[in-house]
Amino acid sequence: MSLDAATVRRIASLARLRVPEDQLPRLGQELNAILGWIEQLNEVNTGGVEPLTGSAALAMRMREDVVNDGAQPEAVLSNAPERIDAFYAVPKVVE
Amino acid sequence: MSLTELSIAEARAGLDRKSFSAVELAQAHLDAIAALNPRLNAFILPTPERALADARAADDRIARGAARPLEGIPLGIKDLFCTRGVRSTAGSRILGNFVPPYESTVTANLFRDGAVMLGKTNLDEFAMGSSNMTSAYGGVENPWQRKGDAATRLVPGGSSGGSAAAVAARLCLGATATDTGGSIRQPAAFCGIAGIKPTYGRCSRWGIVAFASSLDQAGPMARSVRDNAILLGSMAGFDPKDSTSAERPVPDFAAACDQPMKGLRIGVPKEYRVPGMSAEIEALWQQGMAWLREQGAEIREISLPHTKYALPTYYIVAPAEASSNLARYDGVRYGLRVIEPGDSLDEMYERTRGEGFGAEVRRRILIGTYVLSAGYYDAYYLKAQKVRALIARDFERAFADVDAILTPTAPSAAFGMGEKMDDPVTMYLNDVFTVTANLAGLPGLSVPAGLSAEGLPLGLQVVGRAFDEETVFAVGAAIERAAGFTARPVLRAGG
Amino acid sequence: MSEAKPYRVSGDTGEWEVVIGLEVHAQVISNAKLFSGAATAFGAEPNTQVSFVDAAFPGMLPVINRECVAQAVRTGLGLNAEINLVSVFDRKNYFYADLPAGYQISQYSRPVVGKGTILLDMPDGTTREVGITRLHLEQDAGKSLHDQHPAKSLIDLNRAGVALMEIVSEPDMRSPEEAGAYLRKLRTILRYLGTCDGNMEEGSMRCDVNVSVRKPGEGFRTRCEVKNVNSVRFVMQAIEVEALRQVRVWEEGGAVEQETRLYDANKGQTRSMRSKEHAHDYRYFPDPDLLPLVLDPAWVEELKRGLPELPDARKARYMRDFGLSAYDAGVLVLEQETAAYYEAVAKGRDAKLAANWVMGDLFAALNKTGRSIENSPVSAGNLGRLLDLMADNTISGRIAKQVFETMIEAGTDPDPAAIVEAEGLRQVTDTGAIEAAVDAVMAKNADKVAEYRSGKDKLFGFFVGQVMKAMAGKGNPALVNDVLKKKLS
């Protein structure tokens, strides 16, 4: 597996990370080194193995349908980089 | 004895006897921070006013005879824990101005039990690193130095490097930390202190900035195994706000430290003799086996056949989860926003995240995004979760025959600041012995067990069955007793 | 039963068949959100129903709401669907200003509900079965307001994290009418179950439409997804124009591209949202903050026992027990409130007559007064009493209509018996009075009597009318008939 600059650019855009053009080749090399190393996993026979996720042995607990949170507009807005009245504000989105 | 040299148990006893006050205890540590932190950079944010206010409240309760289990004990809090009203950065520029309006469950538990907060300790950015060098707030210096080499500054390990250095340098009696691949145990080993990553689900993750949700687990760091047991007793417990929190009672961990070794079966995995492991680490490991055997334990060689695949597995699972967990840092609701006139929403996202995250975090987000992207999910993420299941199965089979597993904590002693920085994979190899416990969700404790030829601390790791921290503490305490580790770092309070 | 003529789009190369599948997002009725304890009520002040979990603050974790799961299971049971006792929540990763975490918690590969069916009631009284592919639970996003500020979009997270059920149909529909019938039926079922209020205007039920066209008998061709169509009427229109567009593309030698489109109701067109399409790579993976959702079979049984009678069962009962036509039964069960009203009127009475009154006079009156059946100006009890007055011959059907008018106009739900008494509308059953009226009419119309008697039978109606008029409508129609027949013969 080998990541070219175009792929790195696409992944960076998917992750919304600005990467200056001149850093793409070096970053691609680093990522390639990591991916190459990761690829030893292909040696492992995983036929018939169920993937593990978290502590899969447990069943999920459920919460009761009670409103006990959320009436705190100032608290949720207090760290906002930009707010207008009781809204978060972002550059206008044209749909 | 100097107040900064006390164990937590001694400090509690001294406070109750009124040999000293909580304010005096806090002040001694604040003085140490003032003296040493400019060099060590172990604390991102010391909170002296808060510490003294906490301490005064503790003195009140002690005076009223209403002292709680950790009344007046001054702690460092890893800056990955959200603390209400106190800036919490996760070691990142992107959270440089973030003041949480809530308190993490683990720190809330500690404060419920009377602990005093001295400040927020430094860490690798978003806990991603093994050196503390990725922190946006600068590296942390390990208070230990190589024999006869005061010029080379060493890393404390990571990601909980600030907590480890602070505890080792006597800037606090204990600290909170987190461990996703070895972030408690490796810095504990590098700094000559003890630290435990409990079983996944033992401590609530609520209010801890997430790195990789299925691997992250909070735990304590302190200078003795018993102090770890005392701290974990307060930190642990079921939390209905965390769906992965275990609904189990918290045992008396401190009592477990006194359990005898007689009749215990200790496994030594043959696959942990990795190529290039130094002779002194190998020797220390053998020494550990001998100590346990002398105390009545039986040493058995075991096999964990998928060990060599643990790190590559980890470096798929952890970045994948991180790439998603860190998507919320977008400059909309909190944290840094970087924007130029005329930027669209997407440009604002890209600028904010591109400048807000450091190189290692960006690298892991990219890896994680890539391994989850269309066409690669099965080959990487799904494959890794299957190998992870095999790793967990290895442990399950091993624990049919043994009660705990003994390994070295890290493949080397602390290295110099700036070393191993060129190649990410070399840095990742630091976690080779620790990462398996995260993948399998098992408890792992690092105990200082000896010094390298260069005079640097080395640690041994004890891994136990899920939710059997008691045996882990017992074995760790037995090693600690036998090792008689009394060496202290060069840079320390009163040193 | 005669098969209705299939819906076809005619193009230059002949007739085309339309293939339609629907994805409905139905907001779950619950007090709190799917993964947080914040309220779900519609119309609150901005950002007043937002927990730190909903706003994706650092370290916040989701905990699932049992009632939202119960609602999904109930809906699955109402759609005759398989309930998956183990299902998994995944993260769907994408960036948007009203998606705080940068991912939506959804169910991708293992939904809580599997295959089911829904029976459409077509206007001609026939039914048609449409397959349900799956139903899964997921989080709703917040709201972006784009028109409040010249340079900014404003974000309100009140809706962020409210539970949605995404209900996906098989591509089993073949006409806009079927799609409309599907949506109406689904809404009826959801409302019966109490799992979603089905209000498309407030956005608590939203619809994405998958449309393709093909020559009859062919395999499927490429489909397009028309997003977020917010009324049954617009769904039907969107299908019509999108099918036409695709037919044109194919017939001009092009190929329809799989893409997401938007329906512009003002222009009556769909247009491409291609800009969004390319960037999308959702990177689904199991949410590591959650465990698998494992349902206790006993709990599912308990939920099943608690289900109300559903519209199909109710319709069958109306046809069986009340002898109603499929169409009438279908109309009456559409809304639970209507069905309840109808049953109250029909109980112990002529059920067919009750159906005629509810669907005829009552519906017309509700329409005219703009009221819903819950606020009907005439209660079921008093409509029933009106029917009783007819049954015991106190008034005739004609007078009943008059009394009903009076009841509607009064608006105070008056007792019909009181109106009959007050206005002296009691029907005349005194044969003597009727005979007198008949005699008077015959005397006044001797020429017509002669015509009738010479064979012009049609004039009978004229005599009935004249007698009734003379009696101010109060003559018992059967008696009037009897007396007239006797006297004219």
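The values are calculated or read from the model by the stated rules, or taken from the named source; none is laboratory data. These numbers were taken from a predicted model, which means no experiment stands behind them. FYI the Cβ positions are ideal-geometry reconstructions off the backbone, even for glycines, and counts take in every protein chain you see. Surface accessibility is based on the protein's heavy atoms, side chains included, excluding ligands, DNA and RNA. Shrake-Rupley method; radii C 1.70, N 1.55, O 1.52, S 1.80 Å.
Some observations on this one:
- Pairing residues of region B:55-70 that are open to solvent by 50 Å² or more (accessible area, probe 1.4 Å) with residues that are among the aliphatic types (A, V, I, L, M), at Cβ distances under 7 Å and at least 6 apart in sequence or on separate chains, gives B:ARG56/B:VAL23; B:ARG61/B:ALA67.
Residue by residue, here is whether (1) modelled with pLDDT of 95 or more; (2) outside any helix (DSSP H, G or I) holds:
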| site | (1), (2) |
| --- | --- |
| C:ALA179 | yes, no |
| C:TYR182 | yes, no |
| C:LEU186 | yes, no |
| C:ILE189 | yes, no |
| C:THR195 | yes, yes |
| C:GLU201 | no, yes |
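- Being within 13 Å of chain C (Cβ to nearest Cβ) and over 23 Å from C:ALA151 (Cβ atoms) is not true of B:ILE339.
- Of everything in region B:240-289 that is among the small types (Gly, Ala, Ser) and exposed (fewer than 15 other Cβ atoms within 10 Å of the Cβ), the residue that is nearest to the other protein chains (Cβ to nearest Cβ) is B:GLY276.
- Restricting attention to region C:288-302, the residues that are open to solvent by less than 30 Å² (accessible area, probe 1.4 Å), more than 8 Å from every other protein chain (Cβ to nearest Cβ) and not in a helix (DSSP H, G or I) total 1.
- Qualifying positions in region C:76-97 - open to solvent by less than 20 Å² (accessible area, probe 1.4 Å) and more than 17 Å from C:ARG110 (Cβ to Cβ): C:GLY78, C:LEU79, C:ASN93, C:ALA97
- Any hit, region B:309-325, residues being open to solvent by 10 Å² or more (accessible area, probe 1.4 Å), facing another protein chain (nearest Cβ under 9 Å), without any contact (Cβ under 8 Å) to a residue 40 or more places away in the chain and part of a helix (DSSP H, G or I): no
Yes or no, residue by residue, for (1) within 14 Å of chain B (Cβ to nearest Cβ); (2) more than 28 Å from the chain's Cα centre (by Cα):
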site	(1), (2)
C:THR13	no, yes
C:ILE20	no, no
C:GLU23	no, no
C:ASN31	no, no
C:ALA38	yes, yes
C:GLY59	yes, yes
C:ALA72	no, no
C:PHE89	yes, yes
C:PRO111	no, no
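- Number of residues in region C:432-461 that are in a helix (DSSP H, G or I), of a type in the set (Gly, Ala, Ser) and farther than 22 Å from C:GLY473 by Cα equals 2.
- Where C:ASN356 falls short, out of the listed (1) away from chain A (no Cβ under 14 Å); (2) over 26 Å from the mean Cα position of the chain (by Cα); (3) open to solvent by 60 Å² or more (accessible area, probe 1.4 Å): (2)
- Just one residue in the set A:ALA56, A:ALA89 is facing chain C (nearest Cβ under 9 Å) and modelled with pLDDT under 90; that residue is A:ALA56.
- Residues in region C:145-173 that are open to solvent by less than 30 Å² (accessible area, probe 1.4 Å) and of a type in the set (S, T, N, Q) were compared, and the one that is farthest from the other protein chains (Cβ to nearest Cβ) is C:SER169.
- In this structure, B:ASN109 does not satisfy being open to solvent by less than 10 Å² (accessible area, probe 1.4 Å), outside any strand (DSSP E or B) and touching a residue at least 60 places away in the same chain (Cβ under 8 Å).
- Restricting region A:10-43 to residues that are open to solvent by 40 Å² or more (accessible area, probe 1.4 Å) and of a type in the set (Asp, Glu), the residue that is farthest from B:ILE365 (Cα to Cα) is A:GLU43.
Condition check ((1) more than 23 Å from the chain's Cα centre (by Cα); (2) outside the structural domain of C:GLU405 (by TED's automatic domain parsing)) across all residues:
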{"site": "C:HIS280", "(1), (2)": "yes, yes"}
{"site": "C:VAL294", "(1), (2)": "yes, yes"}
{"site": "C:ALA298", "(1), (2)": "yes, yes"}
{"site": "C:ALA326", "(1), (2)": "no, no"}
{"site": "C:ALA344", "(1), (2)": "no, no"}
{"site": "C:ALA351", "(1), (2)": "no, no"}
{"site": "C:ALA364", "(1), (2)": "no, no"}
{"site": "C:ASN382", "(1), (2)": "yes, no"}
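- Matching residues, region B:13-47, being part of a helix (DSSP H, G or I) and within 23 Å of the chain's Cα centre (by Cα): B:ALA26, B:HIS29, B:LEU30, B:ALA32, B:ILE33, B:LEU36, B:ASN37, B:PRO38, B:ARG39, B:LEU40
The rows are residues; the columns are (1) more than 14 Å from chain B (Cβ to nearest Cβ); (2) in contact (Cβ under 8 Å) with a residue 60 or more places away in the chain.
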| position | (1), (2) |
| --- | --- |
| C:LYS185 | yes, yes |
| C:LEU190 | yes, yes |
| C:GLY203 | yes, yes |
| C:GLY217 | yes, no |
| C:VAL229 | yes, no |
| C:GLU259 | yes, no |
| C:ASP264 | yes, no |
| C:GLN269 | yes, no |
| C:PRO286 | no, yes |
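- Unmet requirement for C:MET471, which otherwise passes all of (1) at pLDDT below 90; (2) out of contact with any helix residue (DSSP H, G or I) (no Cβ under 9 Å at 6 or more places or on another chain): (2)
- Of the criteria (1) in contact with a Lys or Arg (Cβ under 6 Å, 6 or more places away or on another chain); (2) facing chain C (nearest Cβ under 7 Å), which one A:THR46 fails: (2)
- Matching option when the condition is under 47 Å from the mean Cα position of the chain (by Cα), of a type outside the set (Val, Ile, Thr), open to solvent by 60 Å² or more (accessible area, probe 1.4 Å) and not assigned by TED's automatic domain parsing to the domain that holds C:MET319, among C:LYS458, C:LYS444: C:LYS458
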